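First up is the structure itself, then whatever we jot down about it.
The values are calculated or read from the model by the stated rules, or taken from the named source; none is laboratory data. These numbers were taken from a predicted model, which means no experiment stands behind them. Here Cβ is always computed from backbone atoms with ideal geometry, including for glycine, and neighbour counts include all displayed protein chains. Protein only, heavy atoms only, side chains kept; ligands, DNA and RNA dropped before computing areas. Shrake-Rupley method; radii C 1.70, N 1.55, O 1.52, S 1.80 Å.
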Amino acid sequence: MNIILLGPPGAGKGTQAGFLVEGRDMIQLSTGDMLRAAKTSGTEMGKIVAEVMDKGELVTDEIVIGLIREKLEGDKKGGFIFDGFPRTLAQADALEELLKEFGEKLDVVIEMQVNDDVLVDRIVGRAAEAVAAGGTARADDNEESLKIRLMEYYKKTSPLIGYYHAKGNLKSIDGLGTIDEVKGAIARILDA
């Protein structure tokens, strides 16, 4: 199966993708992780990514699609989880074309619905837990940064909800349950 986990920052997409990797042998394609790995890989695409990131510039859709293309050319295992991609309607169209190119399709888009106020509490709490455990909080794990990230999500990414609904791919779940409740809701969708 090929799926997208869709939801605002802090919704738990990465946590749930981790369960799918472990339990269903799927491959998580997190664009942030892929960019960081590519930057140090020494591949041609990695050199391009490193150059762009070293200049402090944003990577283009073409670069991200190139990284995803590299992953699709490899072992498919139990399918792919797209985490953090697509973020825009243009990226969604590009992903659809790329999947077609490899004879693949998108099986389901799981929207993790969450309340903004709860998200803020969750992210601020995550930062406090990291510090209390002797670690450091992510630089963007604070209320001000989260509000900026949420605004970007609503402007650029939330239109994907209607896009995938119109295509018949969208399934929505309550992302505010416990980790196990959300995991169960995702499992029911994938097993249906």
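Can you give me the accessible area per residue for the range 29-122, using a 1.4 Å probe, in Å²?
52 Å²
So if we plug the beta-carbon distance of residue 115 and residue 53 into 1/(1 + (r/R0)^6) with R0 = 35 Å, what FRET efficiency do we get, rounded to 0.05?
0.55
Could you sort 125-136, 170-181 so that the peptide with the highest average Cβ count within 10 Å comes first and the rest follow in order?
The peptides rank, most packed first, as 170-181, 125-136.
Using the alpha-carbon centroid of each, what span in Å lies between the range 78-135 and the range 31-68?
The distance from the Cα centre of the range 78-135 to that of the range 31-68 comes to 19 Å.
For the chain, what does -39500 (n - 2.57) per DSSP helix run (n ≥ 4), summed and divided by total residues, give at 222 nm, in deg cm²/dmol to the nearest 500?
The helix contribution divided over the chain gives -17000 deg cm²/dmol.
In the chain, carbon and sulfur make up what percent of the accessible area (probe 1.4 Å)?
53 percent
With contacts defined as alpha carbon pairs under 8 Å and 6 or more residues apart, what's the relative contact order of the chain in percent?
Computed over the chain, the figure is 30 percent.
I'd like to know which of 1, 48, 59 lies farthest towards the positive end of the charge dipole of the range 1-67, counting +1 on Cβ of Lys and Arg and -1 on Cβ of Asp and Glu.
Going by the charge dipole, the pick is 1.
List the residues of the range 94-121 whose backbone N lies under 12 Å from a point placed 7 Å from the Cα of residue 166 along the Cα-to-Cβ direction.
Those under the cut-off are none; the list is empty.
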